[in-house]
Amino acid sequence: MVSYSILLHRYATEGCFADMINLFNFMASNGITPNRQIFNILVDAYTKRGMVDEAMLIFTEMQGQGVSPDVVPYAIVIAAFCRTGRMDDAMDKVNQMIGKGVQSNTVVYHFLIQGFCTHGDLGKVKELVFEMTNKGIPPPNFVFFSSIISSL
């Protein structure tokens, strides 16, 4: 499985998207069940190409094959939703994540705060910072808040 992960990651990082998809399909046609890391690579690759809905199909397939997502693929799709202004979808995914017992972290909050700030919802930003504090999650650092302020 490690060899497949390495190849898929390499294809994804070098922009060989067709090769990545072909290898994934080869795995499926040969009865090789992808693990969480492989699904994470695919979800990340799709979102980096701006193919968020396709990434969600992979995310759904991951769950359909009995692979429970950890915070990583959730963070990847939440970030993609935030980058594309789909804040309702981002929050739906956060709620789904929490409902599945996956704990949020600083990275997820970072994407959400940045997304809501970019889209002018400072009330939601304030709410998220307080939520982080109440959950004992360290807030984003000074550099993060500086970049947020400069985007206003």
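A compact table of results
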quantity: For volume of the Cα convex hull per residue in Å³, calculated from these coordinates, the label among [x] 163; [y] 121; [z] 222; calculated: [y]
quantity: For the stretch 75-111 versus the stretch 47-62, the gap between their alpha-carbon centres in whole angstrom; calculated: 14
quantity: All lysines inside 22 Å of K100 as judged from Cα atoms, apart from same-chain residues fewer than 8 positions distant; calculated: K135
quantity: Residue-averaged [θ]222 nm for the chain, counting only DSSP H segments that reach four residues, each worth -39500 (n - 2.57); calculated: -23500 deg cm²/dmol
quantity: Label-point separation in nm, D88 to C16, each point 7 Å along Cα→Cβ; calculated: 4.1
quantity: Rounded to the nearest 20 debye, dipole of the chain from Cβ charges on Lys, Arg, Asp, Glu; calculated: 240
quantity: Unit charges at the beta carbon, dipole of the stretch 42-145: most positive-side option, V72, I98, F130; calculated: F130
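Rule-based calculations on the coordinates, nothing more; no lab input. A quick note: this is a predicted structure, and the numbers were derived from the prediction, not measured. Note: ideal-geometry Cβ built from the backbone for every residue, glycine included; neighbour counts use all protein chains shown.
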